[in-house]
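Presented below is the structure to which this report refers.
Just so it is clear, none of the values below were taken in a lab; they were calculated from the coordinates. Treat the numbers as computed from the prediction; the structure is a model and nothing was measured. Counting neighbours? That spans all protein chains shown, and the Cβs are built from the backbone with ideal geometry, glycine included.
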Amino acid sequence: AITEEEDDENDLVPRAPIVTVMGHVDHGKTSLLDHIRNTNVIAGEAGGITQHIGAYNVTLADGRKITFLDTPGHEAFTAMRARGAQVTDIAIIIISADDSVMPTTREAIAHAQAANVPMVFAINKIDKPGANPDKIREDLANMNLLVEEWGGKYQCQEISAKKGIGVDDLLEKVLLEAEMLDLKANPNRKATGSIIESSLDKGRGYVSTVLVSNGTLRVGDNVIAGTSYGRIKAMFNERNQRIEKASPAEPAIILGLNGAPTAGDTFHVLETEQEAREIANKRLQLQREQGLRTQKR
Ligand code: GDP
């Protein structure tokens, strides 16, 4: 294992919260993420985020930032957590006001609670004639989750992801939650973070989306992730623009690894490519030995 040095308190600076949206299928997760992605385009930036990417950073009008993880379903959340990556700071649990708290909603809540990740509830589709947000608040109360407007501790916002109603207020509540977490990181060290997704691109080779949790990731860094390693040849942001570095809580698309690490793998930056190769080879050998042992059983 790679040991990381503790950060000096003086080196820590505030970082953006990393937020995951979870909920039952059709309750509006995609609509909400699309709305946020499309409305929070930094002034002067050419174009929005057109490609699908597993993580993106939005800047609000007042300059505050939020990083959204857009992984398919909460399976990814669980898988990442199982691999030791606590990537999410805050979970938005989205529930449709014309439906009920569904089994998947309960699962999402259970996952967030198990991971000790604070939740903000979004009651969606309030524009629909059949919407009954009180029914949702009641469902939640029956699960011992009392929302603030009913005297409880959970922040809750009625929204229409489709029409964009209440979304700014929802983000405000997310940022309030983030403030209480006092999230900080040290940009003046070699980067560590998580793999969000990886693929093999015909023209560009192995491409990984990573999320920096601490330190600053730079072009030219020697990275190890799982059993893959390599020197970063180029980095891009969610707008497909070339970038030279990524700070804490910022996602980056990196080129230069010799494989496709699994979502949830942590990555580290090492001094030399040789160090990275040696660790990768040790991990490969360990995997093979474990494979042999399982075969014998
Ligand atoms: P997901 O499966 O949770 O990602 O849900 P989607 O975002 O794909 O939404 C499912 C369906 O609900 C789509 O047909 C959306 O257009 C619709 N929908 C989502 N949000 C709203 C909303 O706020 N109001 C209304 N009327 N429809 C919505």
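Annotations for the structure displayed:
- Considering all different alpha carbon pairs of the chain, the Kirkwood hydrodynamic radius works out to 20.3 Å.
- In percent, rounded to a whole number, the relative contact order of the stretch 197-261 is 42, using alpha-carbon pairs under 8 Å and six or more apart.
- Helix axis angle, 167-181 relative to the chain longest principal axis, alpha carbon, degrees: 60
- Amide hydrogen proximity for residue 55: with H placed 1.01 Å from N in the peptide plane, the residues at 5 or more positions away or on another chain lying under 5 Å are 70.
- Separation in nanometres of the label points that stand 7 Å from Cα toward Cβ, at residue 284 and residue 5: 3.1
- The chain, relative contact order [Cα under 8 Å, separation at least 6], %: 18
- Trypsin sites (Lys or Arg not before Pro) restricted to DSSP loop in the stretch 104-156 with at most 13 other C-beta within 10 Å: 153
- Taking each of 65/184; 65/163; 29/65; 29/245; 162/245 in turn, the alpha-carbon distance tops 24 angstrom for 29/245; 162/245.
- Residues 102, 119, 180, arranged from fewest to most other Cβ atoms within 10 angstrom of their Cβ, appear as 180, 102, 119.
- Rh by Kirkwood over Cα pairs, then Stokes-Einstein D for the stretch 156-210 at 1.002 mPa s and 20 °C, µm²/s: 141
- When +1 charges are put on Lys and Arg Cβ atoms and -1 charges on Asp and Glu Cβ atoms, the dipole computed for the stretch 253-292 relative to its Cα centre reaches about 180 debye.
- Residues of the stretch 241-257 with amide N under 12 Å of a point placed 7 Å along Cα→Cβ from residue 204: 241-243, 252-257
- The long axis of helix 273-296 is offset from the longest Cα principal axis of the chain by roughly 80 degrees.
- Estimated distance in nm for a label pair at residue 231 and residue 172, the labels positioned 7 Å out from Cα along Cα-to-Cβ: 5.0
- Charging the Cβ of each Asp and Glu at -1 and of each Lys and Arg at +1, and nothing else, the dipole of the chain about its Cα centre rounds to 1300 debye.
- Degrees separating the helix 73-82 axis from the principal Cα axis of the chain, which is the longest one: 50
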